[in-house]
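Participant: Mind looking over this structure? Questions follow.
The values are calculated or read from the model by the stated rules, or taken from the named source; none is laboratory data. No experiment lies behind these values; they were computed from the predicted model shown. The area values use the complete protein model at the heavy-atom level, side chains included, leaving out ligands, DNA and RNA. Shrake-Rupley method; radii C 1.70, N 1.55, O 1.52, S 1.80 Å.
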Amino acid sequence: MFDYSLAHWLAFLSAAVLLNLSPGPDIAFILGHTMRGGKRAGFSALFGVWSGACLHVLMAALGLSAVLAASAFAFSAVKWLGAAYLVWLGIQALCASGDSGLISTSGGEMPAAGIYRQGILVSLLNPKVAIFFLAFLPQFVVEGAGPAWAQLMLHGGLIIAVAAFIEPPLVLLGGRLADALRHNQKIERWLDRGLGALFVALGVRLALSSR
């Protein structure tokens, strides 16, 4: 079981590294929270996105992602929900006053649990992620290496494991920069504006996307 060649692992791990290095809503969400709230906010966002990715892997293994791929209505429904949620987060940040923003570092600080939940939703409400896992993971299913669902779970879990080596250093670097900028309300306001504009742009991009 799980008997793969060296060429298989080289191809898969290369693809997993490139996948995790490519920019997208998840990375933007993590780095945006890191720059605005520091390492604590960044890691909360990170774990939320990873949790959402785990659910996507589970859905791909169970075949539920195929529903999104096959149904235009299901894809559109999830797409518009995700776009609306990102735009709503963006408007919250754009309307923030700097000291009580979406991810404020002062008394109005958003709880880590709230950021974590946001991360899960940002990941789950992106139907293109679900379809990506459905299209990407089956390419590494090898006949005779075990049940298909188990191979899908293994390779999906390894993609998240690769992310554990790539994304935390980004959060640590961003957190150090955020610490240096902290307690400057003018900078905090601009960070809020930048984060809000980013989320709105991501929401619009998702709304305009197609399968």
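Participant: Only one of these conditions is not met by Ala96: (1) open to solvent by less than 20 Å² (accessible area, probe 1.4 Å); (2) part of a helix (DSSP H, G or I); (3) modelled with pLDDT under 75; (4) among the small types (Gly, Ala, Ser). Which number is it?
Facilitator: (2)
Participant: Go through Ala7, Ala11, Ala45 for me and flag whichever is within 17 Å of the chain's Cα centre (by Cα) and at pLDDT 85 or above.
Facilitator: Within the list Ala7, Ala11, Ala45, the selection yields Ala45.
Participant: While we're here: Any residue that is farther than 17 Å from Leu152 by Cα and charged (D, E, K, R) - is there at least one of those in segment 11-29?
Facilitator: Yes, segment 11-29 contains a residue that is farther than 17 Å from Leu152 by Cα and charged (D, E, K, R).
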